[in-house]
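Inspection log for the structure reproduced underneath, given as structure tokens.
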Amino acid sequence: MKAAMFYGGPDIRVEKLPQPEPGPEEVLVRVRAAGICGSDLHGYRRARLQASQEAGRQSGHELMGTIAALGPGVGGLRIGQRVGIEPEHLVGCGTCRYCRRGDTHLCPTRGQRHGERQGSHGFSEYDVCIARNVHPLPDSVSDDAAAILDCYGCAVHAVRRVPIHPYATVAVIGTGAIGMNVGQVARAGGAARVIMAGTRPEPLAVAREAGAADDGVANSQADPVAAVLDLTGGEGADVVFETVGGNAPTLEQAVKMARRGGTVCVMGIFTTPPSLDERTAYRKELTITWSNSYSTWNGLSEYEIALEMLASGRIRAEPLITHHFPLDRIGDAFAAAADKRSSGAIKVLVHP
Ligand SMILES: [Zn+2]
Ligand SMILES: [Zn+2]
């Protein structure tokens with residue numbers, strides 16, 4: 001089979017690998033679509049490693065496909081079935097106190113199985129998946145939408161972290177896929193209004209079209225903090241989702257645009273310690289929380305909650321999926337995802 005191998009930085013090569021075989025309680029999936037995640041781009045943007053000395057590795061944790069083979073002991077699934085896949089870097093041990101209470105994403109040995117590090121391989125023709133991570137798809141969920149269920153799982157989890165009330169005004173900082181996903185889930189979850197703040201007007205137009213925001217403020221046109229305060233009568237937003245991370249000043253902005261007694265939920269991954277105006281946070285008595293991946297909400301799978309939201313049509317993934325590439329052009333796919341300003345990309349899919 002063909003698979004993309006990542007050698008560090010932008011060095012991605014499509015190579016021939018032996019086709020994997022499913023073991024007990026596993027299935028073989030023919031991957032049909034895989035999304036490029038912001039976290040995939042962290043490695044891509046890093047200076048190229050010494051490729052010759054570095055073993056390549058497979059990647060791709062936002063994936064869907066069709067079942068190609070069943071391992072021993074797998075029930076309830078059949079060959080040819082379309083499925084969404086919960087990625088393997090999120091598997092918990094199942095026995096620690098976090099796993100037992102449903103917080104598998106907090107498991108100290110998360111992403112390990114039989115003592116080995118696990119990961120999904122969406123940028124490959126085939127991947128072996130743990131059978132219980134495989135979710136059959138209804139016809140109302142397209143292949144493209146199913147590929148980014150992982151992102152929607154993150155959005156459901158973030159909304160769970162900061163219960164959203166029907167009167168809540170929500171601000172979302174960032175117009176990347178995660179910003180769009182959390183805006184959509186917050187609106188579907190009953191937020192009174194979602195204001196999205198980004199650098200450029202174009203994705204904000206997509207956000208409104210996709211039901212991810214009611215209002216948009218572009219940095220290029222106005223100071224985002226002043227604009228959010230302006231749109232909320234000077235009060236600020238009840239809930240602010242920070243979805244940018246990196247070295248952006250967005251945590252500071254989030255604190256400034258939150259209402260007194262409000263909540264800031266950080267979804268972005270910062271590469272340098274972000275500055276924080278703690279006096280403002282203190283004065284407003286903010287709750288600042290982080291949201292990392294997803295697991296369960298009152299015992300229900302957050303991945304499946306996301307799947308049901310897509311299946312019912314309450315959220316639409318398609319307007320966010322801007323680019324499609326075959327596996328052979330995965331380098332171009334990463335280039336488009338890494339330079340959203342010139343490509344106009346929001347979510348880029350690779351179709352192995
Ligand atoms: Zn991801
Ligand atoms: Zn555990």
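Sort through R329, R341 and tell me the only one that's at pLDDT 95 or above and either at positive phi or surrounded by fewer than 24 Cβ atoms within 10 Å (Cβ to Cβ) (or both).
Numbers: R341 fails: at pLDDT 95 or above.
Going through R329, R341 in turn, just one is at pLDDT 95 or above and either at positive phi or surrounded by fewer than 24 Cβ atoms within 10 Å (Cβ to Cβ) (or both): R329.
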### Task
Please indicate, with yes or no, whether at least one residue in region 132-140 is surrounded by 23 or more Cβ atoms within 10 Å (Cβ to Cβ) and either within 19 Å of the chain's Cα centre (by Cα) or basic (K, R) (or both).
no
### Task
Would you please list the contacts, defined by Cβ atoms under 8 Å and residues six or more apart or on different chains, that run from a residue in region 81-94 that is farther than 8 Å from Q112 by Cα to a residue that is among the acidic types (D, E) and away from ligand 1 (no atom under 13 Å from the Cβ)?
R82/D143; I85/D127
### Message
If I filter region 87-129 down to residues being surrounded by fewer than 20 Cβ atoms within 10 Å (Cβ to Cβ) and among the polar types (S, T, N, Q), which single residue comes out as modelled with the lowest pLDDT?
### Response
Q118
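Listed residues G122, G111; which is within 16 Å of ligand 1 (Cβ to nearest atom), without any contact (Cβ under 8 Å) to a residue 60 or more places away in the chain and over 14 Å from P22 (Cα atoms)?
Working: G122 fails: without any contact (Cβ under 8 Å) to a residue 60 or more places away in the chain.
Checking each option against the conditions leaves just G111.
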### Message
If a residue counts only when it is over 25 Å from G313 (Cβ atoms), which strands (runs of 3 or more DSSP E) contained entirely in region 46-165 have at least 3 such residues?
### Response
62-70, 126-130
### Query
How many residues are within 19 Å of G190 (Cα to Cα) and hydroxyl-bearing (S, T, Y) if we restrict to region 135-178?
3
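The values are calculated or read from the model by the stated rules, or taken from the named source; none is laboratory data. Since we're looking at a predicted model, the values are computed, not measured. Positions of Cβ are backbone-derived with ideal geometry, glycine not excepted, and every protein chain shown enters the neighbour counts.
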